[in-house]
Amino acid sequence: MKRTLLFATAVLLIQISYAQNNFPKPSPQQLAWHNMELYLFMHFGPNTFTNLEWGKGTEKEEVFNPTNLDCDQWCRVAKAAGAKGIIITAKHHDGFCLWPSKYSTHTVRESKWKNGKGDVLKELSAACKRNGLKFGVYISPWDRNHPDYGTAKYNDVFVNMMTEIFTKYGPICELWWDGANGEGPNGKKQEYDWKRFKATVRKLSPHTVIFSDVGPDIRWCGNESGTAGITNWNTLNTDGFTPGAGAPSTDTLNAGNRDGKYWIPAECDVSIRPGWFYHKEEDSKVKTPEQLFSLYLKSVGRGANLLLNVPPDDRGLITGYDSAALIGFRKLRENSFRKNLFAHADTYHLFGGILKKAPAASDGNFNTIENFTASNRESVGVEWKQNKKINCVVLYENIRKGQLCEAFQLLLFDKNEKLVKEIHGTTIGRKRIITFPATDVATIELTIEKQKYITGITEIEGYLLDDNLVEH
Ligand code: FUL
């Protein structure tokens, strides 16, 4: 009785302090973004036809001439891959606009495609709507074609182009500002008005999340190989930094900052092929389903999102090589995570010598939360009476209250309560996928060893993946 009373008082106190947590938290649109996990990037433009990666901006508009462009096919492929949306390069560094912008003379309108009447953004945004996919837009600040680039006037051009995009083709779930600039020391220098760019987007489309090296909403993961940091904070300090050359080091972008002032989670962009744009000679170099699955573990499995580039070819279609790999990748994810072997297991929460149940940890409901409240060690376990062979544990932190765990320990016991594995990790975040050699396990016990504040865990899961998918 006394114990129960003590516990109830503790819970009350915890609930009060829990509500007062002042650590950075995701906005509703960032939370929605976190739940997208995987979506496709599509690099498409003159480079698709000239076989380049970085067009010079001097290419003739007539080179852009897809013979069979079909954005519904892109959407079908994205859906078959289990991707939640598509982000298209509306304007890459060569400045060519995939929509007939009033603020450029280097656009689809000047090409021969559909006699200058075509509009890729219009077709794709409509196809995404029809197919229930989110639509996102990449627009390169660096522009090798526009005559105003390098002058203050270019900031007006960029704002006007974004205004066209948002007013004509929305809703846009994510806007992508690429930080690359290859002008070199003697090249044109543009003083970008980032503040104005951001204000424009916020005004026109407050629900859009903006990506750049440093956010403001989503950050680059610091590499183009598709891997988030093993320690991956969703928080980052960006005061005094800018996208591009003024960004923090790639190591910092990869791991985030433990004490970062803003919630700016990492997105892992990577191409299914060696290049970002389509090159026929890379048809044989499309990543395999297994390679894509490994990237999934290193991005989504570390609490980031995976933006997988699948470039349409010069017909304006995704090739069979890419779609086959994507379907294989989806199957691997589905087969791997179809059955949580610890769903609805018995649970316990050991807290200051008091043992209680912790049903939230294995009820399959991401709205129920098991809070790690104590300042000293406390454990939550999910247990069966029998052994289950597993090689993967998945943990989920309740990021709605911020990202608070900074070190955890997993102890795996067999049915005789013998310790069979001890694993240590740092951050958890939205999702943390941990793999190890297959082991007979009856109990998975999680201890938060270090936390910034009360860590909330929504689920502890156990899976048996195909052995060849598991890296140790
Ligand atoms: C880089 C660009 O330079 C590449 O061409 C590509 O668009 C990649 C996603 O971002 O910064």
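What to note about this one:
- Cα gyration tensor, the range 175-239 - rounded (a/c under 1.5), prolate or oblate: oblate
- Mean-position separation - Cα centroids, the range 113-147 and the range 386-428, in angstrom: 43
- Selection of GluC sites (Glu not before Pro), the range 16-84, meeting DSSP coil and at most 15 other Cβ within 10 Å: 53
- Net charge dipole, the range 28-337: roughly 760 debye, given to the nearest 20, about the Cα centre with Cβ charges of +1 for Lys and Arg and -1 for Asp and Glu.
- Length added when fully stretched, residue 368-residue 163, from 0.36 nm per residue minus Cα-Cα: 69.7 nm
- For the chain, the relative contact order works out to 15 percent when only alpha carbon pairs closer than 8 Å and six or more residues apart are counted.
- Across the range 340-469, the relative contact order, built from alpha-carbon pairs under 8 Å that are at least six residues apart, equals 35 percent.
- Working from label points 7 Å from Cα in the Cα-to-Cβ sense, the residue 464 to residue 32 distance is 4.0 nm.
- Toward the positive end of the charge dipole of the chain, with +1 on the Cβ of Lys and Arg and -1 on the Cβ of Asp and Glu, the farthest Cα among 223, 369, 242 is that of 369.
- Ranked by how many other beta carbons lie within 10 Å on average, peptides 167-175, 117-125 from highest: 117-125, 167-175
- For the pair the range 293-333 / the range 205-282, the C-alpha centres are spaced 18 Å from each other.
- Cross-link pairs exceeding 30 Å in C-alpha to C-alpha distance, out of 287/431; 287/388; 339/415; 356/421; 79/339, comprise 287/388.
- Counted over the chain, the DSSP beta bridges are approximately 60% antiparallel.
- Cα gyration tensor, the range 51-183 - rounded (a/c under 1.5), prolate or oblate: prolate
- In the chain, the DSSP-assigned H stretches of four residues or longer account for a calculated mean residue ellipticity at 222 nm of -7500 deg cm²/dmol, using -39500 (n - 2.57) per stretch and the full residue count as denominator.
- 15 Å Cα-Cα reach of residue 261 towards aspartates and glutamates, excluding residues that sit fewer than 8 places from it in its own chain: 217, 239
- When you work out D = kT/(6 pi eta Rh) for the range 263-325 at 37 °C and 0.692 mPa s, using the Kirkwood radius from C-alpha pairs as Rh and the Stokes-Einstein form, the result is 264 µm²/s.
- D_trans [Stokes-Einstein, Kirkwood Rh over alpha-carbon pairs] for the range 28-337, 4 °C, 1.567 mPa s, µm² s⁻¹: 67
- For the range 323-472, the Cα gyration tensor yields ellipsoid semi-axes of 25, 18, 14 Å (square root of five times each eigenvalue, largest first, whole Å).
- Shown for the chain are the DSSP H helices of 18 Å or more along their axis, judged by Cα atoms, with a mean Kyte-Doolittle hydropathy of at least 0.5: 2-19.
- Under 16 Å from the Cα of residue 153 - lysines, other chains or at least 8 residues apart: 102, 188, 189, 195
Where a number appears in this text, it was derived from the coordinates with a stated rule and is not lab data. Everything numeric here is computed off the predicted structure, so don't read it as measured data. Because the Cβ atoms are built from the backbone with ideal geometry, glycine has one as well, and the counts that use them run over all protein chains shown.
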